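A.B. asks: Handing you a structure now.
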Amino acid sequence: MKRTTLTAIAATTTVLLASGSAFAQSAKLKVGLMLPYTGTYAALGNAIENGFKLHLAEQGGKVGGREVEFFKVDDESDPSKATENVGKLVKRDQVDVLIGTVHSGVAMAMAKAAKDSNTLLIVPNAGADAVTGPMCGPNIYRSSFSNWQPGYAMGEVMAKKGIKKAVTITWKYAAGDESVKGFKESFTKGGGEVLKDLTVPFPGVEFQALLTEIAALKPDAVYTFFAGGGAVKFVKDYDAAGLKKSIPLYGAGFITDGTLEAQGASAEGLLTSLHYGDSLTNPKDKSFRLAYAKAYKLQPDVYAVQGYDAAQILGIGLAAVKGDVSKKAEFAAAVEKAKIDSPRGPFSLSKAHNPVQDIYLRQVSGKENKVIGIASKSLADPARGCKS
Ligand code: BEZ
């Protein structure tokens, strides 16, 4: 081929590539929401979506200069369907970013799919330690917590209170196991002893036999992880069994978050640890709560905050790369140095991309999880196994 012909082809190709990438960025950003919309975690999934969309609305419906098109999958909090479900978003819909999910087991399948396809993933709840541990990576972020964090903070609180003997009770899956592990790490370091770890299969709510066992073991206190519909039932059953008066119940704050209306007096006075609460006084929380109540006629909870902050993280990263999701390293650099102005209070992300944040000590008072102190200041997950 003649040199002039080759030069002409090269010039045409350059023009096409340039206009192709300009098109890619002016096209709508495809956001895949993989959340539970049915089952025991349905309310959590809805709150996350509400929070995410609230932030987007505040930005005029755009992120990184791009309009957004949503693709939704109900993951049902079912790990056995997770790989197929995330495949629908990654392969069929070819989303630019995955937002999900609530359940730790499902989130691990999402993290694997995100790694394999190099898709951006922001986890707006699931605390699976592995996501920001061995599975960490430049395209994986979490706007919520690691399961270790609230558990570890509560172990310290209970040990400092002089509690010596505890029993733990939770669902038998990654979130429950890791929450209890975090609790035991600090509780035993502080001189406490765990008499027994009790579990029920997820999402089961047959608690009676285990409550009878707790009564027989007579610990000084109980530490628990349950959330959503299961948390409502557990707190009511614990009270109805007459245990609330004799054996104080403590937990990771999910046990009373977004659940107080349904738990009623059974939850009154319970002490929990979490990175959000109902009586914070920072200006961001004030404006967030007003806007959320106006938009949804509902009070926000921790899940709504995590959804809102997932959208904030996406916005910070995409602004830095002018909407070009392929620039993973530049996206990561911008997010890693950001202070995220969250309703929970400002936080930053660790190298492993998990929030470094205050874990509050809260007490249920009426329909609120009142913040009564800080259980652990600027607590960073140890990110065990993260090589990035
Ligand atoms: C989890 O599976 O990681 C989880 C679910 C609900 C609340 C908190 C954690």
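The values are calculated or read from the model by the stated rules, or taken from the named source; none is laboratory data. The shown structure was predicted, so the numbers you read here are calculated from the model rather than taken from an experiment. Here the Cβ positions follow ideal geometry from the backbone for every residue, glycine too, while neighbour counts run over all protein chains shown. These accessible areas exclude ligands, DNA and RNA; they are computed on the full protein's heavy atoms, side chains included. Shrake-Rupley method; radii C 1.70, N 1.55, O 1.52, S 1.80 Å.
A.B. asks: For Y303, all conditions in the list (1) in a helix (DSSP H, G or I); (2) open to solvent by 40 Å² or more (accessible area, probe 1.4 Å) hold save one; what is the number of the exception?
C.D. replies: (2)
A.B. asks: Just give me the residues in the range 213-242 being surrounded by fewer than 17 Cβ atoms within 10 Å (Cβ to Cβ) and among the basic types (K, R), in sequence order.
C.D. replies: K218
A.B. asks: Which numbered condition trips up R142, out of (1) near the ligand (Cβ under 10 Å from one of its atoms); (2) open to solvent by less than 10 Å² (accessible area, probe 1.4 Å)?
C.D. replies: Answer for R142: the failing condition is (1).
For every residue, the table says whether it meets (1) within 16 Å of the chain's Cα centre (by Cα); (2) within 21 Å of K53 (Cβ to Cβ); (3) in the same structural domain as A334 (by TED's automatic domain parsing); (4) near the ligand (Cβ under 9 Å from one of its atoms).
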position	(1), (2), (3), (4)
R92	no, no, yes, no
S104	yes, no, yes, yes
M108	yes, no, yes, no
A114	no, no, yes, no
N125	yes, yes, yes, yes
D129	yes, no, yes, no
G133	yes, no, yes, no
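A.B. asks: Could I ask something else about it? Looking at the structure I just gave you, is A334 within 23 Å of T132 (Cβ to Cβ) and in a helix (DSSP H, G or I)?
C.D. replies: For A334, the condition - within 23 Å of T132 (Cβ to Cβ) and in a helix (DSSP H, G or I) - is met.
A.B. asks: Exactly one of (1) buried (at least 24 other Cβ atoms within 10 Å of the Cβ); (2) more than 16 Å from the ligand (Cβ to nearest atom) is unmet by L210. Its number?
C.D. replies: (1)
A.B. asks: Looking at K322, is it on the phi > 0 side of the Ramachandran plot, surrounded by fewer than 20 Cβ atoms within 10 Å (Cβ to Cβ), outside any strand (DSSP E or B) and outside the structural domain of F234 (by TED's automatic domain parsing)?
C.D. replies: Yes, satisfied.
A.B. asks: Looking for whichever is of a type in the set (S, T, Y), away from the ligand (no atom under 16 Å from the Cβ) and closer than 30 Å to A57 by Cβ here; the options are Y238, Y303, Y276, Y296. Which one fits?
C.D. replies: Being of a type in the set (S, T, Y), away from the ligand (no atom under 16 Å from the Cβ) and closer than 30 Å to A57 by Cβ holds for just one of Y238, Y303, Y276, Y296, which is Y296.
A.B. asks: For G155, indicate whether it is in contact with a Lys or Arg (Cβ under 7 Å, 6 or more places away or on another chain) and open to solvent by less than 10 Å² (accessible area, probe 1.4 Å).
C.D. replies: Criteria met by G155.
A.B. asks: Of (1) outside the structural domain of V31 (by TED's automatic domain parsing); (2) part of a loop (DSSP other than H, G, I, E, B), S376 satisfies all except one. Which?
C.D. replies: (2)
A.B. asks: Let me ask something else about it. So, of the residues in the range 168-200 that are part of a strand (DSSP E or B) and within 16 Å of the ligand (Cβ to nearest atom), which turns out to be surrounded by the most Cβ atoms within 10 Å (Cβ to Cβ)? Write out each step before concluding.
C.D. replies: Start the filter on the range 168-200 by keeping residues that are part of a strand (DSSP E or B), which leaves 168-171, 193-200.
Filter again for within 16 Å of the ligand (Cβ to nearest atom), leaving 168-171, 199-200.
Numbers: T168: 24, I169: 25, T170: 27, W171: 23, T199: 16, V200: 19.
Per the stated criteria, the residue is T170.
A.B. asks: Also, I was wondering about something else. For the structure I just gave you, tell me whether K218 is at negative phi and over 18 Å from the mean Cα position of the chain (by Cα).
C.D. replies: When the stated conditions are applied, K218 does not pass them.
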